[in-house]
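**Student:** One structure, as structure tokens, below. Some questions next.
Just so it is clear, none of the values below were taken in a lab; they were calculated from the coordinates. Small disclaimer: the values here were computed from a predicted structure and weren't measured. Because the Cβ atoms are built from the backbone with ideal geometry, glycine has one as well, and the counts that use them run over all protein chains shown.
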Amino acid sequence: MRLRNIPRAESVLKECKEVVKNEADCQGKWCEVFGNTNPVHMEIGMGKGQFLLALAAQNPKINYIGIERYSSVLLRAVEKLQNDSEIPLSNIRFICMDARSVADVFTEAFAPGEIDRIYLNFSDPWPKARHAARRLTSKEFLARYHNVLTDGGTIEFKTDNRLLFDFSVAEVNASTDFRLD
């Protein structure tokens, strides 16, 4: 699929109150950002936001953060939020950033134990062996997730790529911080 640049994306995202402009200012303050002490769930690589928007509508007592790399794709989620929601959602925020920068954003934007659940839905499999560290289920990423997850926090992972699945199972089995359920 070819990603098309949408020139107005940056300006729309800049004006949207649900798009976090400076995530570093939110470290340890996500309760203030959402205005409550509800649990915080995050989806990394949220695409057009259908999954996250549905969860936010179904679960008003859970706060959701969606991370997406491309502003043109994130724009679609923002448009869905603004146009399709029958009831305005106050429990969702978006961050436009590359998942490879997640190490920086996790250390700058989230305090230890601030996230209750992370969703990884149909992530890029990065099929070449030399790109294994870029996979969102690599040991490097698992270590980052462990730092921000609450005690007992979970990662929900879905894929339709068998090689990524096998890699992910091996990485989790090698981890001392996570176990498969």
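**Student:** Charges at C-beta only: +1 for Lys and Arg, -1 for Asp and Glu. How large is the resulting dipole of the chain about its Cα centre, in Debye rounded to 20? Write down the numbers at each step before the final one.
**Tutor:** Values: 24 positive and 25 negative charges, 134 e Å.
My answer is approximately 640 debye.
**Student:** Measuring from label point to label point, each 7 Å out along Cα→Cβ, what is the Thr154 to Arg130 span in nm?
**Tutor:** Using points 7 Å along Cα→Cβ, the separation is 3.9 nm.
**Student:** Taking a temperature of 37 °C and a viscosity of 0.692 mPa s, what whole-number D in µm²/s does Stokes-Einstein yield for the chain with Rh from Kirkwood over alpha carbon pairs? Provide the component values of the computation, followed by the final result.
**Tutor:** Details: Rh = 16.8 Å.
It diffuses with D of about 195 µm²/s by this estimate.
**Student:** Using only the alpha-carbon atoms, how far is helix 139-148 inclined from the longest principal axis of the chain? Give it as 0 to 90 degrees, nearest 10.
**Tutor:** Relative to the chain, helix 139-148 is tipped by roughly 50 degrees.
**Student:** Can you pull the one-decimal nm distance between simple spin-label points at Cys31 and Asn121, each 7 Å off the Cα toward Cβ?
**Tutor:** The modelled label-to-label distance comes out at 2.9 nm.
**Student:** What's the FRET efficiency of Arg4 with Ala111 using the Cβ-Cβ distance as r and R₀ = 30 Å, to the nearest 0.05? Provide the component values of the computation, followed by the final result.
**Tutor:** Working: r = 37 Å, r/R0 = 1.23.
Once rounded, the FRET efficiency stands at 0.20.
**Student:** Please sort by residue number the trypsin sites (Lys or Arg not before Pro) in segment 103-152 whose DSSP state is loop and whose Cβ has at most 15 other Cβ atoms within 10 Å. Walk me through the numbers before you get to the answer.
**Tutor:** Working: sites: Arg117, Lys128, Arg130, Arg134, Arg135, Lys139, Arg144; in loops: Lys128, Arg135.
Taking segment 103-152 and a limit of 15 other Cβ atoms within 10 Å, the loop trypsin sites (Lys or Arg not before Pro) found are Lys128.
**Student:** Here's another thing I want to ask about it. Trypsin sites (Lys or Arg not before Pro) within segment 25-101: which are DSSP loop residues with at most 15 other Cβ atoms inside 10 Å? Before the final figure, lay out the partial values.
**Tutor:** Numbers: sites: Lys29, Lys48, Lys61, Arg69, Arg76, Lys80, Arg93, Arg100; in loops: Lys29, Lys48, Lys61, Arg69.
Here the trypsin sites (Lys or Arg not before Pro) that fit, given the DSSP loop and packing criteria, are Lys29, Lys61.
**Student:** From the cross-link list Lys21/Lys61; Lys80/Lys139; Lys61/Lys158; Lys21/Lys128; Lys17/Lys61, which pairs have alpha carbons spaced over 30 Å apart?
**Tutor:** On the way: Lys21/Lys61 24 Å; Lys80/Lys139 34 Å; Lys61/Lys158 24 Å; Lys21/Lys128 33 Å; Lys17/Lys61 19 Å.
Long pairs (Cα-Cα over 30 Å): Lys80/Lys139; Lys21/Lys128.
**Student:** Round to a whole angstrom and tell me the spacing of the C-alpha centers of segment 1-64 and segment 130-179.
**Tutor:** Centre-to-centre (Cα) distance: 22 Å.
**Student:** Between Leu89 and Leu180, what is 0.36 nm times their sequence separation minus the Cα-Cα distance? Round to one decimal in nm.
**Tutor:** Numbers: separation 91, 0.36 × 91 = 32.76 nm, distance 3.23 nm.
Taking 0.36 nm per residue and subtracting the Cα distance, the gain is 29.5 nm.
**Student:** As I understand it, the value is the acute angle between the Cα axis of helix 71-84 and the longest principal axis of the Cα atoms of the chain; what does it come to in degrees, rounded to 10?
**Tutor:** The two axes meet at around 50 degrees.
**Student:** Hey, another quick one. Relative contact order of the chain: what whole-number percent is it, with Cα pairs under 8 angstrom and at least 6 residues apart?
**Tutor:** Numbers: 275 pairs, mean separation 39.6, N = 181.
Rounded, it is 22 percent for the chain.
**Student:** Next question. Could you give the nm distance between label points at Ala54 and Arg162, where each point is 7 Å from its Cα heading toward the beta carbon?
**Tutor:** Those two pseudo-labels are separated by 2.7 nm.
**Student:** Against the longest principal axis of the chain, how steep is helix 162-174, in degrees 0 to 90 to the nearest 10, with axes from Cα atoms?
**Tutor:** Tilt relative to the chain: about 70 degrees.
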